[in-house]
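Peer 1: One structure coming up, written as structure tokens, with questions to follow.
The values are calculated or read from the model by the stated rules, or taken from the named source; none is laboratory data. Everything quoted here is computed from the prediction, not taken from an experiment. Cβ coordinates were reconstructed from backbone atoms using ideal geometry, including for glycine residues, and neighbour counts include every protein chain displayed. Ligands, DNA and RNA are stripped out before the accessible areas are found, and what is left, the full protein with its side chains, is counted by its heavy atoms. Shrake-Rupley method; radii C 1.70, N 1.55, O 1.52, S 1.80 Å.
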Amino acid sequence: MLGVWLLLWAAMALGGRADTAFLRRAHDSSGHCTYSFTVASPVEAACPEAAGGVPELRAELAALAARLSRLESRERGVGGSGPRGAEPAGARDPQQVAAAARLEAAYGELLRAKMVTDVPCCSGRGHRAPAQGSSISGAAARHGAPRGRQEKAGGEGGWLGPAHAVPDPAAAPRWDPQPLSYQELQSERTEVPVSRLLEETALGRPGKEDSAGCGQLVWVGEPVVFGRADSIAGKYGVWMKDPEPVPPFTRDNTWRVDTVGTEVRQLFQYEEAEQLARGYPAKVHILPRPLESTGAVIYRGGLFFQPRHSRSVARYDLRGETITAEREIPGAGYHGQFPYSWGGYTDIDLAVDETGLWVIYSTEKARGAIVLSKLDPETLEISRTWETNIRKRGVANSFLICGTLYTVSSYSAPNATINFAYDTATGTSQALSIPFQNRFRYLSMLDYNPAERQLFAWDSFNMVTYPVRLSRA
């Protein structure tokens, strides 16, 4: 009767936690008995330990083990000493045998549940690692299992032989759930004013755009920020990519110079524009001579710049890290004689387009009008010169596309325009009104990259690009 009472008590102990725990057992394909212990977890990161379930379960195990030990002692007093496997089967009351077997099965389930709950909480989930193996109880030792060195199960309650001991939780197989990954789809909508659409249509953008060859500039898009200078030295500057790089450099390499200061010598090299945005250069070149202003360009493996306090143009070889060519521009103004309207000693401005290397400047003879000269990129010799009727101080900046010079009306007005164009093929100029945005209100550098088909600009600490569209010539 004691065994039956203990069995009922164990069933009540298990059933009393039906709202927080559930023990399931089933046979797998290999014939093993698999136990699954599930804990309800209304809070994602909650574990049974936090709710205090494990101490209660251990106390119940200890009490149940003590009662089972007293039952075994009583049975040994009736049936004789020694292992239960040595007793004749007929010397025991069949009802007591059945009750003891049921009690031992319940005790084994409790031990298994305790072993599983001792495993660390698995990422806040409600499920535990399923433990494999047969029901473990004191009867296993009595029916032929060798006791040998005995070990305590979980440090609490009864004793089990090593052959049937509860496995070490650290060695038990665990289910390690992988974090779920999600793909988030986003939809973005950009509103374009109707006037802009009509303007682009009138300029011949739809159906007349030439994506490969040369043409006339008809549209400039909104600026896209690629990076921002983090010190006052970067309020004005120049950033570039080489449209025709030479090994080991590629079109992904990006270059930058912060031009505020009296000794501007540092040329920052980045593997790609994204690295520039993070602010970590791959290399810093120290120029043999300081440069002046923001008129430098990168072309065919060289940095072309105006050395400070001179009317010369120099080529710095990026591989050899030396100046390989330098030539004076006859009559060119320098150090504040004929700058753009924003100032900054922008007397001599270098540019690159589909046709090659250019220098933009003015002279006393031209009376401040923009003068264009085509340069040999190796020797810096002037092959041809054009004198325009566009006053250099009257425009904020300029660039060339397909042999045509374009100027910007203002360096600070938020809604400026591309206001003039000078075609070197015909020697004629015309007024334009192509919208151009100065988002940060201080444009100190503007150059065209024919490989990227974009304008690169420096606007008050910010390095930005502008997409452009050309119509067929």
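Peer 1: Would you confirm whether any residue within the range 382-402 is open to solvent by 10 Å² or more (accessible area, probe 1.4 Å), over 24 Å from Glu328 (Cα atoms) and not in a strand (DSSP E or B)?
Peer 2: yes
Peer 1: Considering (1) more than 25 Å from Tyr345 (Cβ to Cβ); (2) out of contact with any helix residue (DSSP H, G or I) (no Cβ under 7 Å at 6 or more places or on another chain), say which one Tyr270 fails and leave the rest.
Peer 2: For Tyr270, the exception is condition (2).
Peer 1: In addition: Just name the residue that is surrounded by the most Cβ atoms within 10 Å (Cβ to Cβ) out of those in the range 314-336 that are within 23 Å of Lys392 (Cβ to Cβ) and touching a Gly at 6+ places or on another chain (Cβ under 9 Å).
Peer 2: Among those that are within 23 Å of Lys392 (Cβ to Cβ) and touching a Gly at 6+ places or on another chain (Cβ under 9 Å), it is Gly333.
Peer 1: Here is a list: Ser444, Ser412, Ser429. Which entry is part of a loop (DSSP other than H, G, I, E, B) and either small (Gly, Ala, Ser) or within 26 Å of Asp242 (Cβ to Cβ) (or both)?
Peer 2: On the way: Ser444 fails: part of a loop (DSSP other than H, G, I, E, B); Ser429 fails: part of a loop (DSSP other than H, G, I, E, B).
Within the list Ser444, Ser412, Ser429, the selection yields Ser412.
Peer 1: Only residues that are touching a strand residue (DSSP E or B) at 6+ places or on another chain (Cβ under 6 Å) and in contact (Cβ under 8 Å) with a residue 60 or more places away in the chain: list them for the range 403-431, please.
Peer 2: Within the range 403-431, Thr404, Tyr406, Ser410, Tyr411, Ile418, Ala421 meet the criteria.
Peer 1: Can you name the residue in the range 449-473 that is surrounded by fewer than 20 Cβ atoms within 10 Å (Cβ to Cβ) and among the basic types (Lys, Arg) and is also farthest from Val297 (Cα to Cα) among such residues?
Peer 2: Arg472
Peer 1: Given the condition surrounded by 15 or more Cβ atoms within 10 Å (Cβ to Cβ), closer than 29 Å to Ala425 by Cα and within 42 Å of the chain's Cα centre (by Cα), answer yes or no: does some residue in the range 277-292 qualify? Steps first, answer last, please.
Peer 2: First, the residues of the range 277-292 that are surrounded by 15 or more Cβ atoms within 10 Å (Cβ to Cβ): 277, 281, 285, 287, 289-292.
Those left that are additionally closer than 29 Å to Ala425 by Cα: none.
Within the range 277-292, not a single residue is surrounded by 15 or more Cβ atoms within 10 Å (Cβ to Cβ), closer than 29 Å to Ala425 by Cα and within 42 Å of the chain's Cα centre (by Cα).
Peer 1: Mind listing whichever residues of the range 225-250 are free of Cβ contacts under 8 Å to residues at least 40 places away in the same chain, under 23 Å from Pro290 (Cα atoms) and assigned to a loop (DSSP other than H, G, I, E, B)?
Peer 2: Step one: filter the range 225-250 for residues free of Cβ contacts under 8 Å to residues at least 40 places away in the same chain, giving 231-233, 247, 250.
Now narrow it down to the ones that are under 23 Å from Pro290 (Cα atoms): 231-233.
The answer is Ser231, and nothing else.
Peer 1: For the range 439-448, name all the residues that are within 15 Å of Ser398 (Cα to Cα) and surrounded by fewer than 22 Cβ atoms within 10 Å (Cβ to Cβ).
Peer 2: Step one: of the range 439-448, the residues within 15 Å of Ser398 (Cα to Cα) are 442-448.
Within the range 439-448, Tyr442 is the sole residue that qualifies.
Peer 1: Can you pull out every residue in the range 302-313 that is surrounded by fewer than 19 Cβ atoms within 10 Å (Cβ to Cβ) and in contact (Cβ under 8 Å) with a residue 40 or more places away in the chain?
Peer 2: Of the range 302-313, the ones surrounded by fewer than 19 Cβ atoms within 10 Å (Cβ to Cβ) are 308-310, 312.
Passing the criteria: only Arg308.
Peer 1: Within the range 242-262, can you find the residues that are open to solvent by 30 Å² or more (accessible area, probe 1.4 Å) and in contact with a helix residue (DSSP H, G or I) (Cβ under 8 Å, 6 or more places away or on another chain)?
Peer 2: Asp252, Val260, Gly261
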